[in-house]
Amino acid sequence: MTMEQQPYIVKGIGGFYYVKTADGVVECKPKGIFRKRGITPVAGDQVRLQYDAGTWVIAEVLPRKNVFVRPPVANVDQFFIVASTVQPSPSTLVIDKLSAIAVDRGAQPVLVITKGDLQKADELERCYSTAGFPVLCVNASSGQGLEEVRAMLAGKLSVFSGNSGVGKSTLLSALMPGIQLETGEISQKLGRGRHTTREVVLYETCGGLVADTPGFASLDMARAAAIPKENLELAFPDIARLFGQCRFTGCSHLSEKGCAVRAAVQDGQISCTRYESYVTMYEQAKEQEKR
Ligand SMILES: Nc1nc2c(ncn2[C@@H]2O[C@H](COP(=O)(O)OP(=O)(O)O)[C@@H](O)[C@H]2O)c(=O)[nH]1
Ligand SMILES: [Mg+2]
Ligand SMILES: [Zn+2]
């Protein structure tokens, strides 16, 4: 992240952008050329500004590392996936979809397990450590695990995702005390239409940037960011590790003979739920490609 040197978009509201520069935050309009080229600047974009007839304008959006549409945010380094042990109980499919999207876009997924005070997190922790992801356990009431999350924020742009009720807002408030976060609760009650009007805001904290993405359910993101079935195996680190070891090149790992991935599931090196998610996502990608 070269955020300190290069101006970047903190948030966009109603056609205006707020850009953090070395001299503070300035309000900008984007150049008309962006619309013509189909470029929509979003939070996280690094930009070049120009002073033009008394106002600042975004003259250029620098090349992006990645960009997400829902929520609209660019240059994401780290993707925290929040899941609770209970209330709601974890959906491995949601975790696997979100982590695969992160990997596919070149962002590091990190699993954060909440509500370990209500039920043991061991099984989830083991499943995802084995899969090759950093896993952190936090407890909102005792503050356990918060320091580890804070330590991971430095120098990076991070987003937090996960199903409603898992404890995202609680975690973000604990990480950024004193910052009045937007709450998604209201927009969720008002229905889907409102979601799109909610803006991503970047906050500087613990030496990094954290995106507050109110009102965006994790499934919006999973739906908006489909991965082609051929790329899927690379988005599962535990499957990618076995790349080239199947009998047939281009093995889909669904039913081919001599499949190293299915052998690894058989002998417990790859967890069954991880493999089930792979199969589900593969079938869904196939359906989508047909349409
Ligand atoms: N027992 C327990 N409750 C938690 C924990 N983290 C969050 N909660 C509670 O879970 C509920 C949902 O939390 P919230 O932050 O609103 O979830 P969000 O929908 O993901 O933003 C709230 O009642 C929180 O107080 C935790 O670590 N332990
Ligand atoms: Mg919330
Ligand atoms: Zn295979």
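Coordinate-derived values only; no laboratory data. All of these numbers come straight from a predicted model, not from anything done at the bench. Note: ideal-geometry Cβ built from the backbone for every residue, glycine included; neighbour counts use all protein chains shown.
Summary of values
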read-out: Assigned charges on the beta-carbon of Lys, Arg, Asp, Glu; the chain dipole about Cα centre (debye); value: 920 debye
read-out: Residues whose placed amide H lies under 5 Å from that of residue 201, excluding near-sequence neighbours; value: 212
read-out: Partner aspartates and glutamates for residue 29 [C-alpha distance under 17 Å; skip if fewer than 8 residues away on the same chain]; value: 45, 52, 60, 199
read-out: GNM flexibility winner over the chain from 79, 133, 160 (Cα, springs under 10 Å); value: 133
read-out: Nearest-20 debye value, the stretch 233-283 charge dipole, Cβ charges on Lys, Arg, Asp, Glu; value: 160 debye
read-out: Under 18 Å from residue 286, Cα to Cα: lysines that are on another chain or at least 8 residues apart; value: 97, 229
read-out: Approximate spin-label separation residue 55-residue 173, in nm, with each point projected 7 Å along Cα-to-Cβ; value: 3.7 nm
read-out: Among 22, 260, 140: highest mean-square fluctuation, GNM of the chain, C-alpha pairs under 10 Å; value: 22
read-out: Listed residue (68, 161, 239) projecting farthest to the positive dipole end of the chain, Cβ model; value: 68
read-out: Gaussian network model of the chain, Cα within-10 Å springs - most flexible of 21, 273, 249; value: 249
read-out: Pair residue 117, residue 27: separation of 7 Å Cα→Cβ label points (nm); value: 4.2 nm
read-out: Lys, Arg +1 and Asp, Glu -1 on Cβ, resulting dipole of the stretch 90-176 about Cα centre, debye, nearest 20; value: 220 debye
read-out: Partner lysines for residue 31 [C-alpha distance under 23 Å; skip if fewer than 8 residues away on the same chain]; value: 11, 20, 65
